Amino acid sequence: MAVFVALGAFLMTLAGGWTAQRVTDRRHLVLGLAGGLMLGVVGLDLLPEALRAAGREVFGVPAALLLFVAGFLVAHLVERLLAARQASHGAEENNGRAPEVGLTAAAAMVGHSFMDGVAIGAAFQVGGGMGTAVALAVVAHDFADGFNTYTITSLYGNARRKAIAMLFADAAAPVLGAASTAFLTIPEALLGGYLGFFGGVLLYLAAAEILPEAHHEHPAPATLLCTVAGAAFIWLVVGLAG
């Protein structure tokens, strides 16, 4: 049952990526929406769950928040190191962006989607009602995951085929994650720490890369509205799932 439900996440992820491809003539709107979706996912979905699951504090600060800051800093460090390496080798960059950063970020999205599948499988082990609630939340926000995976990969100058490959990997990940729950159980504290770290990575990409790019050439009110709409959409999804 968990794997069957995860197939819905597969389709929603592909739908999100397909939408990102079809509106390339409104790239600034796509980026604005992606930034809002990522902000909403981090602030309204990942961080609350990370704080609940991780639990313990380290020197007076919740472990999930420490890992959140660490994720932000690691994303910044990785991007700077890859960009500096490309510049030192005289390689072409996409407006100063290293394509490897886009692939790394997309790979993190794939990992997150795998964990979504694990969450579905674990919830169905608890009970059918719990499994259905978690599945609805995952399927709903996987549209945003597919949208963001394709957008991030493309933004950093990767070829369209690579963006599509990462999109399909992201779509398949929940199915594999759900299937894996027949063989493994992830400790809740470890899952909470992962969510905190991943939230920091996503926030860096949204705040330092995607939103500035969205407003760079087209600082239009419509772009800002797309950002607000993206965050509001995640709020709606979280509220309905709760």
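The values are calculated or read from the model by the stated rules, or taken from the named source; none is laboratory data. Note that this is a predicted model, so its numbers are computed, not measured. We place every Cβ from the backbone using ideal geometry, glycine too, and count neighbours over all the protein chains shown. Each accessible area value is taken on the protein alone, full model and side chains, heavy atoms only, with ligands, DNA and RNA left out. Shrake-Rupley method; radii C 1.70, N 1.55, O 1.52, S 1.80 Å.
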Next on the checklist: Looking at the stretch 203-219, can you tell me whether even one residue there is touching a residue at least 24 places away in the same chain (Cβ under 8 Å), of a type in the set (D, E, K, R), open to solvent by less than 50 Å² (accessible area, probe 1.4 Å) and touching a His at 6+ places or on another chain (Cβ under 9 Å)?
Outcome noted: yes
Next on the checklist: Any residue that is touching a Ser or Thr at 6+ places or on another chain (Cβ under 8 Å), modelled with pLDDT of 80 or more and either within 15 Å of A20 (Cβ to Cβ) or of a type outside the set (A, V, I, L, M) (or both) - is there at least one of those in the stretch 116-137?
Outcome noted: yes
Next on the checklist: So, in the stretch 1-60, exactly how many residues are among the polar types (S, T, N, Q) and open to solvent by less than 10 Å² (accessible area, probe 1.4 Å)?
Outcome noted: 1
Checklist entry - When the stretch 163-192 is examined, which residues are found to be open to solvent by 60 Å² or more (accessible area, probe 1.4 Å) and of a type in the set (D, E, K, R)? => result E188
